[in-house]
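Asker: Got a structure for you, written out below as structure tokens; questions coming shortly.
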Amino acid sequence: MRQALFLYSPQVWQTGHGSNHPLKPERLQRTYELLAEYGAFKAPNVKVIPPRAASDDELALFHTREYIDVVQQLSSGSYRQDVFDYGFGSEDNPVFAGMRELVGLSVGSALQGAELLLKGSCDVAFSYSGGLHHAAPNRASGFCVFNDAAVVIHWLLQHVQRVAYVDIDVHHGDGVQDAFYSSDRVLTISLHQDGRTLFPGTGAMEEIGIGKGQGYSVNVPLPPYTGNDTYLWAFNQIVPPLLERFNPDIVVTQLGVDTHYLDPLAHLELTTKGQMALFEALSRLAPRWLALGGGGYDISVVPRSWTLAFGVMSGQSFPDELPTAYRTNYGGESLQDSFSPTTEPPFVRESVELVVLKLKKLHSLS
């Protein structure tokens, strides 16, 4: 049975972007509580450990020293007139007290998971507070201050030869793609809602990398209203053959669950059943697996989806009826969705089939 690690500390939900911001720290608290109430952490193959903070030197594997210093100053309450130059000050990326400590902990969590994976202490590690895939070396973007995925992949490249990164967040993983766009040692694959209809506006099929990295960036843009069957069909057509050909030493995934039909910030129509099928597919493809969190903005969905994800990672299944204490505190009845969206429009499947056909030609897949 797989040895599974869950990286957790109540510190990851103590501060945040503010009560009116979509990225609510409460989603992390609820996820931990739901797993705990199911008894997930009592399994003999599961360990729960507190994450450590990332050092400035570790953050500098991807971020500029200047930017790290700016984040520290803003986090401490210092005012800067050039705050907008670094991506801060908007509704998406507000400055908040303790920002450096909070997001540095998420990066440290990913690094700690990677370290323990390489030591053989576990087979899969879930750093659920991370997946902050939009941040650039010198700029915050899309709710993301530091990019834990880019930092940890840079760290991994000091120890292994090839890393695959698979991003199933509804938003394109632009920051991670950009970080390795000219590298042939990192294969980045992002399945996301078409950037012509959603932030950050990138992730077209033609974004395939440059120089040595040509062919190592793969984007699967999906039209709004894509549902379970079509999404999973596209995933299975593209991701397994690419990973088999690349033969990575370790697989890093970003498990954003804002693909769910209830998510308020996007328009894909997956259910928890579809998301669980994705987690199971990734599990089969990743003998050594570092799983990061990511997006998800319906507070009733995220804890259920990530509970299902960790169940897959640790080889556990949970009763569909939510535990009594959880239902009392937060409402809801079942772990899996009891409702599915209406039938997927016919144009969606036709559009995705065309995307897959073009991608197979671009990336030489039979």
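Asker: Picking from Val257, Pro240, Gly293, whose Cα lies most toward the positive end of the charge dipole for the range 226-304 (charges on Cβ: Lys, Arg +1; Asp, Glu -1)?
Answerer: The residue sitting farthest along the positive end of the dipole is Pro240.
Asker: For Thr15 and Gln81, FRET efficiency with R0 = 22 Å and r from the beta-carbon atoms, rounded to 0.05?
Answerer: 0.35
Asker: So, one more: Sticking with the crude label model, points 7 Å out along Cα→Cβ, report the distance from Ser182 to Leu357 in nm, one decimal please.
Answerer: Result for the modelled spin labels: 3.6 nm.
Asker: Next question, about the same structure. I need the peptides 26-36, 229-239, 108-118 ranked by packing, meaning the mean over residues of other C-beta atoms within 10 angstrom, with the highest value on top. Show your work: numbers first, answer last.
Answerer: Working: 26-36: 20.9, 229-239: 19.0, 108-118: 23.8.
In decreasing order of mean packing, 26-36, 229-239, 108-118 become 108-118, 26-36, 229-239.
Asker: If Lys and Arg each add +1 and Asp and Glu each add -1, what is the summed charge of the other residues whose beta carbon sits under 14 Å from the beta carbon of Ile153?
Answerer: Working: positive: Arg162, Arg185, Arg288; negative: Glu58, Glu115, Asp148, Asp167, Asp178, Asp184, Asp249.
Value of the local net charge: -4.
Asker: I would also like to ask the following. Provide the net charge surrounding Tyr86, with neighbours chosen by a C-beta distance below 10 Å and charges set as Lys +1, Arg +1, Asp -1, Glu -1.
Answerer: Summing Lys/Arg as +1 and Asp/Glu as -1 gives -1.
Asker: Using only DSSP helix segments of four residues or longer, with each worth -39500 (n - 2.57), what per-residue ellipticity at 222 nm results for the chain after dividing by its residue count and rounding to 500?
Answerer: On the way: 11 runs with 133 residues, N = 366.
So the calculated ellipticity at 222 nm is -11500 deg cm²/dmol.
Asker: Assuming R0 = 30 Å, what is the FRET efficiency of Asp320 and Ser364, from their Cβ-Cβ distance, to the nearest 0.05?
Answerer: Details: r = 43 Å, r/R0 = 1.42.
Plugging the Cβ-Cβ distance into 1/(1 + (r/R0)^6) gives 0.10.
Asker: Could you pull out every one of the lysines with an alpha carbon less than 21 Å from that of Lys119, ignoring same-chain neighbours closer than 8 positions?
Answerer: Qualifying lysines at Cα under 21 Å: Lys47.
Asker: Right, here's the next one. In whole angstrom, how long is each semi-axis of the equivalent ellipsoid of the chain, when you take the square root of 5 times every eigenvalue of its Cα gyration tensor and sort them from largest down?
Answerer: Computed over the chain, the values are 27, 26, 21 Å.
Asker: Ok, one more. If I model a spin label as a point 7 Å beyond the Cα along the Cα-Cβ vector, how far apart are those points for Ser338 and Ser121 in nm?
Answerer: Those two pseudo-labels are separated by 4.2 nm.
Asker: Mind ordering 306-312, 216-222, 49-55, 71-77 by average Cβ neighbours within 10 Å, highest first? Walk me through the intermediate numbers first.
Answerer: Values: 306-312: 23.6, 216-222: 25.1, 49-55: 18.7, 71-77: 16.6.
So the order, starting with the most tightly packed, is 216-222, 306-312, 49-55, 71-77.
Asker: With θ set to phi - 60° and the Karplus curve 6.51 cos²θ - 1.76 cosθ + 1.60, what are the ³J(HN,Hα) couplings of the range 212-218 in order, to the nearest whole Hz, using x for Gly and Pro?
Answerer: Once θ is set to phi - 60°, the couplings for the range 212-218 become 4, x, 4, x, 9, 10, 10 Hz.
Asker: Hey, can you list the DSSP H helices of the chain whose Cα span along the axis is 24 Å or longer and whose average Kyte-Doolittle score is at least 0.5?
Answerer: On the way: long enough: 99-119 (30 Å, 0.71); 228-246 (26 Å, -0.03); 346-362 (25 Å, 0.54).
TM-like helix candidates: 99-119, 346-362.
Asker: Let me ask something additional. Cut-off under 20 Å on the C-alpha distance; same-chain residues fewer than 8 positions from Lys273 excluded. Which aspartates and glutamates are left, in chain and number order?
Answerer: Straight-distance partners of Lys273: Asp167, Asp169, Asp229, Asp258, Asp263, Asp298, Asp320, Glu321, Glu333, Asp337, Glu344.
Asker: To the nearest 20 debye, what is the magnitude of the charge dipole of the chain about its Cα centre, counting +1 on the Cβ of each Lys and Arg and -1 on the Cβ of each Asp and Glu?
Answerer: Numbers: 26 positive and 39 negative charges, 170 e Å.
So the dipole magnitude of the chain works out to roughly 820 debye.
Asker: Turning to a different aspect of this structure: Quick one: Karplus J couplings for the range 4-16, per residue in order, coefficients 6.51, -1.76, 1.60, θ = phi - 60°, nearest Hz, x for Gly and Pro?
Answerer: Those phi angles translate into 10, 10, 10, 9, 9, 7, x, 4, 5, 10, 6, 10, x Hz.
Asker: Please list, by residue number, everything in the range 253-288 whose backbone N is under 19 Å from a paramagnetic label point 7 Å out along Cα→Cβ of Ser300.
Answerer: Only 257-276 pass the distance filter.
Asker: Please give every one of the lysines within straight-line cross-link reach of Lys361, meaning a C-alpha to C-alpha distance under 27 Å, and leave out same-chain neighbours fewer than 8 residues apart.
Answerer: Cα-Cα hits under 27 Å: Lys212.
Asker: Along the Cα→Cβ direction, 7 angstrom out, place labels at Asp249 and Thr197. What is the inter-label distance in nm?
Answerer: Placing both labels 7 Å along Cα→Cβ, they lie 4.0 nm apart.
Bear in mind that the values in this text are calculations on the coordinates, not laboratory data. Since we're looking at a predicted model, the values are computed, not measured. Ideal geometry is used to build each Cβ from the backbone, glycine not excepted, and the neighbour counts take in all protein chains shown.
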